[in-house]
Amino acid sequence: MKIAFVGKGGSGKTTLSSLFVRHLAAQQAHVVAVDADINQHLGVALGLDDDEAAALPAMGAHLPLIKEYLRGTNPRITSAETMIKTTPPGEGSRLLRVREDNPVYEACARTVRLDGGDIRLMATGPFTESDLGVACYHSKVGAVELCLNHLVDGPDEYVVVDMTAGSDSFASGMFTRFDMTFLVAEPTRKGVSVYRQYKEYARDFGVPLKVVGNKVQGQDDLDFLRRHAGDDLLVSVGQSDWVRAMEKGRPSRFGQLEEHNRAALSELRRAADSSYGRRDWERYTRQMVHFHLKNAESWGNAKTGADLAAQVDPGFVLGEGASQLGAPQPA
């Protein structure tokens with residue numbers, strides 16, 4: 001399942017996404033975690049020190065390799081240079097799978113050993129001072145979107161993405177790439193404002209959305225969230241001494257996380273797992289093509305000097321049964 005954690009800055013979405021990754025790893029699930037937030041804190045939240053987190057390879061720096069690998073022998077894509085973040089796969093494209101080894105993972109992913117199991121961690125790379133005035137952060141997360149477009153995942157396989165804060169992901173079609181979106185909201189007016197934005201956009205594209213209440217201190221906070229989010233409020237998470245100790249550099253075993261917070265994480269997994277049976281790969285592919293054509297017309301054709309609409313393979317549907325070029329199938 002492909003799962004996004006979103007929310008306003010400071011809502012705790014990185015903390016919640018890291019706890020969810022740990023929860024999955026503790027249950028021996030197969031996990032690829034992706035830090036797509038501009039602030040790049042997921043590695044530290046997963047227990048890396050600052051130097052280890054800074055040493056993570058940047059997906060954006062390996063974009064030419066990613067494009068060339070995914071292009072494969074697709075005859076509709078004449079060169080890697082004509083691929084943009086929304087380019088969809090077609091016959092001859094290479095697909096990514098969670099449990100395989102491939103050049104993209106070799107270049108962009110690192111194994112993080114957690115006390116419950118190992119996960120793969122990928123990061124877009126930080127937005128540096130040299131980017132100011134010449135680049136947009138959406139170009140950084142373009143590598144993530146391109147990989148998601150070519151990724152096929154099955155049961156007990158999870159791709160967990162810590163998204164950039166606010167509603168920036170709506171600048172492209174990446175918000176439609178997920179089986180489940182968990183919106184982390186504090187019990188404040190600002191905390192639920194991003195929920196309203198997501199709800200409005202997600203409704204038009206059938207994007208599953210659930211709210212995770214964070215920093216909830218009592219019934220009044222819970223009532224506030226319920227009043228604004230209604231049935232979309234899935235669980236609430238309270239203060240955590242375990243998390244506070246982790247943030248101070250005094251980590252303990254994940255099994256010592258408070259029982260009520262572990263129960264909340266279990267509920268998140270149940271919600272994510274339930275989305276598997278509702279998958280519609282044809283709709284997923286149509287949405288991918290829809291946003292690719294929009295991006296092609298608005299800026300892609302002019303940037304690449306090519307007719308990017310010609311990259312669309314009308315007979316191709318992404319899915320678990322889609323053929324894969326040049327990569328091993330999972331055992």
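The values are calculated or read from the model by the stated rules, or taken from the named source; none is laboratory data. These numbers were taken from a predicted model, which means no experiment stands behind them. In case anyone asks, the SASA skips ligands and DNA or RNA and just uses the protein heavy atoms, side chains included. Shrake-Rupley method; radii C 1.70, N 1.55, O 1.52, S 1.80 Å.
The figures follow:
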{"quantity": "Degrees between helix 219-229 axis and first principal axis of the chain (Cα, 0 to 90, nearest 10)", "calculated": "30 degrees"}
{"quantity": "Surface/4 of the Cα convex hull for the range 73-115, nm²", "calculated": "4.3 nm²"}
{"quantity": "Surface accessible to a 1.4 Å probe, per residue, for the residues of the chain, Å²", "calculated": "44 Å²"}
{"quantity": "Set Lys13/Lys85; Lys2/Lys199; Lys67/Lys190; Lys190/Lys303; Lys85/Lys190 screened for pairs whose C-alpha atoms are more than 27 Å apart", "calculated": "Lys67/Lys190; Lys190/Lys303; Lys85/Lys190"}
{"quantity": "For the range 214-249 versus the range 6-43, the gap between their alpha-carbon centres in whole angstrom", "calculated": "16 Å"}
{"quantity": "Angle between the chain longest axis and helix 13-26 axis [Cα atoms, degrees, rounded to 10]", "calculated": "90 degrees"}
{"quantity": "Over the chain: helical MRE at 222 nm, DSSP H runs n ≥ 4 each giving -39500 (n - 2.57), nearest 500", "calculated": "-11000 deg cm²/dmol"}
{"quantity": "Accessible area in the full protein assembly, largest first, 1.4 Å probe, for Trp242, Trp299", "calculated": "Trp299, Trp242"}
{"quantity": "Met180 accessible area, assembled protein chains, probe 1.4 Å, Å²", "calculated": "0 Å²"}
{"quantity": "Structure-derived Rg and Dmax of the Cα atoms in Å: which label, when the choices are [x] 19.3, 59; [y] 19.1, 64; [z] 33.0, 100", "calculated": "[x]"}
{"quantity": "DSSP-defined beta bridges in the chain - what % are antiparallel, rounded to 5", "calculated": "15 percent"}
{"quantity": "Solvent accessible area, Å² - Ser266, 1.4 Å probe, full protein context", "calculated": "40 Å²"}
{"quantity": "Accessible carbon and sulfur surface of the chain relative to its total accessible area, %, 1.4 Å", "calculated": "49 percent"}
{"quantity": "Volume in Å³ per residue [convex hull over Cα atoms, computed for the range 1-155]", "calculated": "117 Å³"}
{"quantity": "Relative contact order for the chain, counting Cα pairs under 8 Å that sit 6 or more residues apart, in percent", "calculated": "27 percent"}
{"quantity": "Acute angle (nearest 10 degrees) that the helix 281-295 long axis makes with the longest principal axis of the chain, alpha-carbon atoms", "calculated": "70 degrees"}
{"quantity": "Hz values of 3J(HN,Hα) by residue in the range 176-184 - Karplus curve (6.51, -1.76, 1.60), Gly and Pro given as x", "calculated": "8, 8, 10, 6, 8, 10, 9, 9, 8"}
